[in-house]
1. Consider Ala317 carefully, then state whether it is more than 30 Å from Ile676 (Cβ to Cβ), modelled with pLDDT of 90 or more, touching a Phe, Trp or Tyr at 6+ places or on another chain (Cβ under 8 Å) and surrounded by 10 or more Cβ atoms within 10 Å (Cβ to Cβ).
2. I want to confirm something. Restricting to region 266-290 and keeping residues that are at pLDDT 70 or above and within 54 Å of the chain's Cα centre (by Cα), which single residue is farthest from Asn329 (Cα to Cα)?
3. When the residues of region 384-416 are filtered to those that are more than 17 Å from Trp720 (Cβ to Cβ) and within 19 Å of the chain's Cα centre (by Cα), which remaining residue is surrounded by the most Cβ atoms within 10 Å (Cβ to Cβ)?
4. Quick one: which residue in Gly475, Gly545, Gly513, Gly532 is under 15 Å from Trp450 (Cβ atoms), modelled with pLDDT under 85 and open to solvent by 20 Å² or more (accessible area, probe 1.4 Å)?
5. Please go through region 612-644 and pick out each residue that is in a strand (DSSP E or B) and either among the basic types (Lys, Arg) or more than 23 Å from Leu687 (Cα to Cα) (or both).
6. Could you grab me the full set of residues in region 659-675 that are open to solvent by 10 Å² or more (accessible area, probe 1.4 Å) and hydrophobic (A, V, I, L, M, F, W, C)?
7. Can Asp638 be described as charged (D, E, K, R), open to solvent by 70 Å² or more (accessible area, probe 1.4 Å) and touching an Asp or Glu at 6+ places or on another chain (Cβ under 6 Å)?
8. Which residue out of Val677, Val682 is more than 25 Å from Thr432 (Cβ to Cβ), of a type in the set (A, V, I, L, M, F, W, C) and within 27 Å of the chain's Cα centre (by Cα)?
Amino acid sequence: MAGACGKPHMSPASVPGKRRLEPDQEPQPQEPPLLCGSDASLSDSDSEESVFSGLEDSGSDSSEDYDEGVDGADCDKDAKRTEETSEEQAQAGPPCPRTEEVGALTRDEYEEDSSDEEDIRNTVGNVPLAWYDDFPHVGYDLDGKRIYKPLRTRDELDQFLDKMDDPDFWRTVQDKMTGRDLRLTDEQVALVHRLQRGQFGDVSFNPYEPSVDFFSGDVMIHPVTNRPADKRSFIPSLIEKEKVSRMVHAIKMGWIKPRRPQDSTPRFYDLWAQEDPNAVLGRHKMHVPAPKLALPGHAESYNPPPEYLPTEEERLAWMHQEPCERKLNFLPQKFSSLRTVPAYGRFIQERFERCLDLYLCPRQRKMRVNVDPEDLIPKLPRPRDLQPFPVCQALVYKGHSDLVRCLSVSPGGQWLASGSDDGSVRLWEVATARCMRTVPVGGVVRSIAWNPNPTICLVAAAMGDAVLLLNPALGDRLLVGSTDQLLDAFTPPEEPTLQPARWLEASEEERQGGLRLRICHSKPVTQVTWHGRGDYLAVVLSSSGHTQVLIHQLSRRRSQSPFRRSHGQVQCVAFHPTRPFLLVASQRSVRIYHLLRQELTKKLMPNCKWVSSLAVHPAGDNIICGSYDSKLVWFDLDLSTKPYKVLRHHKKALRAVAFHPRYPLFASGSDDGSVIVCHGMVYNDLLQNPLLVPVKVLKGHTLTRDLGVLDVAFHPTQPWIFSSGADGTIRLFS
């Protein structure tokens, strides 16, 4: 090939229209094609060959490959011929003036002509250069020779070296048509800057020149023409006179009737009238096809098979069922022949009811709505975008010998209290899962709650018909001592008042075990919960009547029953975090009471069979309820008394629900042994609904006695969750 000969021996005078000029180089005058005393038959067929090694032309035929091979073989001969020619020119001396004149006369007059739209250095034309990506050349010259690509393209390293060496690299651009680097002048750079700033390209253009009004809106004093009015404008027209006479004649003959007043009687549209197919309503298909009846089976036969005939027990059961609950509206019977089949007793009544339906029912139009099923699915964010939330099991707290019904975390998040059916209350260290203390209480602990006030170290546990106030004696000794001083500073009143509960001091042996006070009730206690400030606690008793809910005040050791009558069996109660509200959840409803005004504020209807648990959002505007029919109901108190969302993620009954005090998380524990953590973002904008997204299903508890997770609680500061199960363990998920 031609690329094996080294540098090309192309002379710039061989092809006049294919001169490659640098941007800052002026065109040189060409040599005349006629030389004085030299042979002008120098072959320039190989003058346009370029250096391109290692690539082949995929689009060339065999003849072109043969020609390229011949050119490559005669490369040395061409080089020698060029050297001999140059020596002959040197010996011949300067060209004669006559030859120069002839060359000037025969020079093409359009040789120096150029165009702004087309670059004469590359004759590819206005075609995309991407067409030549798979070829070794980028076009053809005027003689039909290929213009080959350079040997090696510039990579990022070459560009970096040029950037460091060349001070004008920032104003150098590459021409895609020729592959050359062009250096922009100061005027071109200023033009680019003006266009980038959104200005006009011309420097002298003023976009704020005052506009010139070519037409004025002033009223002219004199008319356009001063021509006098025509005479016919004062004389009646004969044509108009003829038109008026025709109209009068038509009115006399009765052809034109005057307008009549509109009839004020209303018109009614007959639904059963024959419709005009050309009318507006006739273009719509008003026909509603009748529903297709099921084909008769063997049960409708007068001689059914024996297996279709009901027994005497099935016949009695069918008779006692409601008509809407029966699978068949008749009893299959067997007859010897079709002639012995009696007539249907309700034939006339059913036909009459059918006629009434046809006569009284209005016709309806069914419009089919084409909806994409994907549009009905809400666009929820990905769980990875809603982090942090607990994803895996970190620690297991083992020590209880029976199922763990309840648990509670200290306000600082360092300690954990749990109550079990083995008759003990255990205090754990959260970080190490070590049991720090075990307090035997002698009965089943149904509920436990740590005082939310960080300055008071107390744990309330519900055992039997009493509420035990324990001082765990963990952590700061000053805090433990100040709690005991607060309890010992109480002075009983001189005249004791009648209260629904009795406050008893603990004995010396019980004080060594951690017990400080015992609040005795008349009925078993099922739940105990603290107010946010830590001075009040509410308990729920398993009794019927208005004394199901009691509120105790720790500082004054007083107990009171806030309700005069009962609205059903109370399941759980909760204090509002910011307002003086008490939320009471019964089996079918949740009531919100204002404690200061002593009135009912709102009644929520969860639409559940049996409410099991209740939790209030830290902001106080939203609550969640869990039910034994595997539903989790979200209420927006500012929106409605009906549920905002009903989540059915669990397969079995829900035992506990909880909100995180800091992160937008809420969780639910169920008898299926799983804890489902959901993202619940509540916005300050009242026009934006809360965002509820389930993010993680946590499993680890084993089912025991058909019970799974019995209680859940979040860590006060970290995105961790604790769960207690029927397998006697407590698990921490982080």
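The values are calculated or read from the model by the stated rules, or taken from the named source; none is laboratory data. Note that the structure is a prediction, hence the values are computed from the model and not measured. Counting neighbours? That spans all protein chains shown, and the Cβs are built from the backbone with ideal geometry, glycine included. Note: areas computed on protein heavy atoms with side chains; ligands, DNA, RNA excluded. Shrake-Rupley method; radii C 1.70, N 1.55, O 1.52, S 1.80 Å.
1. Judged against the criteria, Ala317 is not a match.
2. First, the residues of region 266-290 that are at pLDDT 70 or above: 266-268.
Checking which are within 54 Å of the chain's Cα centre (by Cα) leaves us with 267-268.
Details: Arg267: 46, Phe268: 42 Å.
Filtering region 266-290 for residues that are at pLDDT 70 or above and within 54 Å of the chain's Cα centre (by Cα), the one farthest from Asn329 (Cα to Cα) comes out as Arg267.
3. Asp385
4. Criteria check complete, one pass: Gly475.
5. Within region 612-644, Ser612, Ser613, Leu614, Ala615, Cys625, Gly626, Ser627, Leu632 qualify.
6. Passing the criteria: only Phe659.
7. When the stated conditions are applied, Asp638 passes them.
8. Val682
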